[in-house]
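Any read-out appearing in this document is the output of simple, stated calculations on the displayed coordinates, not a laboratory observation. Please read all numbers here as calculations on a predicted model, not as lab measurements. Here Cβ is always computed from backbone atoms with ideal geometry, including for glycine, and neighbour counts include all displayed protein chains.
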């Protein structure tokens, strides 16, 4: 059985025991996470798609770790002007493990 969930403005196709990295979720360690914004639930040829959301569909997950992504450098330079700008950024991420899909 698989599902498509939406979190952090992105959509993910998940199945039981999948480990995935999503944008930061504010969750205490050891707590369970419930995703109620499930767009699709399916298993083989049996697929449920709701007009807005499938009724009663829910995906549960557990927190694995809070982490940060790689450092990204935004470097801009204007030639012959001695003008340059360098900025770095690291995104806060959450690693989760899918424990169950109901639908």
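For the range 76-99, which residues satisfy the criterion of being loosely packed, with under 10 Cβ neighbours inside 10 Å and either touching a residue at least 12 places away in the same chain (Cβ under 8 Å) or closer than 19 Å to residue 20 by Cβ (or both)?
86, 87, 88
Of the numbered criteria (1) surrounded by 10 or more Cβ atoms within 10 Å (Cβ to Cβ); (2) out of contact with any strand residue (DSSP E or B) (no Cβ under 7 Å at 6 or more places or on another chain), the one residue 54 fails is (2).
Counting only residues that are in contact (Cβ under 8 Å) with a residue 24 or more places away in the chain, within 17 Å of the chain's Cα centre (by Cα) and closer than 19 Å to residue 95 by Cα, give me the strands (runs of 3 or more DSSP E) lying completely in the range 1-71 with at least 1 of them. Working first, answer last.
On the way: elements: 2-7, 10-15, 19-23, 32-35, 38-43, 46-49, 58-68.
Result: 2-7, 10-15, 19-23, 32-35, 38-43, 58-68.
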